[in-house]
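What follows is a short report on a single structure.
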Amino acid sequence: MVVSKLNTSKRFGARYGTKAKRKVDKIERHYKGKTYACPSCGKAGVTRQSTGIWQCQKCGHKFANHAYKVV
Ligand SMILES: [Zn+2]
């Protein structure tokens, strides 16, 4: 599945309104891009496995954090 960096909420079609979809876009853009740095190796390669579960693609380090973001 190819995930566009913008407008990930396009899958909702004409439903839910622009405001709600814009919010979803903002949140999803955060965790769908590999922007978070790994707390173990420091490289930006952390992807979201499940709600609050994150894993580093570089060293394999798995950890728990916020549901939709890493702080
Ligand atoms: Zn790592």
Pick from the stretch 48-68, criterion under 10 Å from the mean Cα position of the chain (by Cα) and surrounded by 14 or more Cβ atoms within 10 Å (Cβ to Cβ), ranking: modelled with the highest pLDDT: 54
Residue count, the stretch 18-46 (criterion: surrounded by fewer than 14 Cβ atoms within 10 Å (Cβ to Cβ), more than 11 Å from the ligand (Cβ to nearest atom) and at pLDDT 85 or above): 6
Hey, residue 49 part of a strand (DSSP E or B) and under 15 Å from residue 71 (Cα atoms) or not: no
Residue count, the stretch 48-71 (criterion: of a type in the set (S, T, N, Q) and in contact with a strand residue (DSSP E or B) (Cβ under 6 Å, 6 or more places away or on another chain)): 4
Number of the exception - residue 15 against (1) open to solvent by less than 70 Å² (accessible area, probe 1.4 Å); (2) more than 16 Å from the ligand (Cβ to nearest atom); (3) modelled with pLDDT under 90: (1)
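The values are calculated or read from the model by the stated rules, or taken from the named source; none is laboratory data. Computed from a predicted model, the values in this text were never measured in an experiment. Virtual Cβ from ideal backbone geometry, glycine too; neighbours counted across all protein chains shown. When the accessible area is computed, the model is the full protein with side chains, heavy atoms only, and any ligands, DNA or RNA have been set aside. Shrake-Rupley method; radii C 1.70, N 1.55, O 1.52, S 1.80 Å.
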